[in-house]
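The values are calculated or read from the model by the stated rules, or taken from the named source; none is laboratory data. All values derive from a computational prediction rather than experimental measurement. Quick reminder, even Gly has a Cβ in these numbers, built from the backbone with ideal geometry, and neighbours come from all protein chains shown.
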Amino acid sequence: MNAPALQSLELLERLYAYDSVPSPALPEVAETWVGTSLGIAGVPLLIGAGGLEEIIETPEMTAIPGTKDWVIGVAAYKGGLLPVFSGDVLFRGRPYTGRAREYCIVIRRPGMYFGLTLSHVQRDLRFAVEERITDHQVDPDFTEYSQGGFLYKGDFLAILDIDKVVADEELSNASAGKASSQRRKEND
């Protein structure tokens, strides 16, 4: 490039800097936590976006003999088989008596794919991240699976960490054994 071309470029740059309008300041957007409000074994909980695959009507199941008492059965689901677990028995150690659990969540993690019955389903909720409470008391059956939570309409909704549930030793082996029958005797 010759000198006059460089001078013209510098002049254009100065004119642009002099005449330019500053970029508008964008309002600061608060970071939000998004999740689904639902209940397992009567306990109101939150599950973060991406924590569950979907919520479905509890499908018809075939019982599986020789499994732990929290395994309800296996159901046909999207061309495959879906094991379905009772949220009440898995977390509370006792079956629910009353109207059948109409919905369940489908959870898919590497090496784990199952449905878990729900006591109620509400809706998706958004909370400001800075409103998260980490030291609030959580239902004792869910304490080890909780990651804090949020206040919503006066109620505390604990965040259920699905990865902690899936990593639980109890969930990794669904075959009935001495531990299963021992726990059943303790609950009777």
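Some notes on this structure:
- Looking only at the range 21-41, residues that are of a type outside the set (Ser, Thr, Tyr) and in contact with a strand residue (DSSP E or B) (Cβ under 8 Å, 6 or more places away or on another chain) come to 8 in all.
- Of the residues examined, Thr67 is not one that is in contact (Cβ under 8 Å) with a residue 24 or more places away in the chain, more than 24 Å from Thr32 (Cα to Cα), touching a Phe, Trp or Tyr at 6+ places or on another chain (Cβ under 9 Å) and hydroxyl-bearing (Ser, Thr, Tyr).
- Counting only strands (runs of 3 or more DSSP E) that fall entirely inside the range 41-111 and contain at least 2 residues that are crowded, with 18+ Cβ neighbours inside 10 Å, the qualifying elements are 43-48, 71-77, 80-85, 103-109.
- For the range 103-115, the criterion of being within 25 Å of Val74 (Cα to Cα) and charged (D, E, K, R) is met by at least one residue.
- Just one residue in the set Ile72, Ile47 is touching a residue at least 40 places away in the same chain (Cβ under 8 Å), of a type outside the set (Asp, Glu) and under 18 Å from Arg109 (Cβ atoms); that residue is Ile47.
- One residue stands out in the range 42-63 among those that are more than 20 Å from Val74 (Cα to Cα) and aliphatic (A, V, I, L, M): the one that is modelled with the lowest pLDDT, namely Ala49.
- Per-region count, the range 1-46, residues more than 30 Å from Arg101 (Cα to Cα) and either touching a Pro at 6+ places or on another chain (Cβ under 6 Å) or of a type in the set (A, V, I, L, M, F, W, C) (or both): 14
- Looking across Val165, Val138, Val129, Val121, one residue alone is under 18 Å from Thr36 (Cα atoms), out of contact with any Gly (no Cβ under 8 Å at 6 or more places or on another chain) and surrounded by 12 or more Cβ atoms within 10 Å (Cβ to Cβ). It is Val165.
- In the range 29-40, the qualifying residues are those that are of a type in the set (A, V, I, L, M) and surrounded by fewer than 19 Cβ atoms within 10 Å (Cβ to Cβ), and the one that is farthest from Phe142 (Cα to Cα) is Val29.
- Here Tyr103 passes the criteria (1) farther than 20 Å from Asp124 by Cα; (2) under 22 Å from the mean Cα position of the chain (by Cα) except the one numbered (1).
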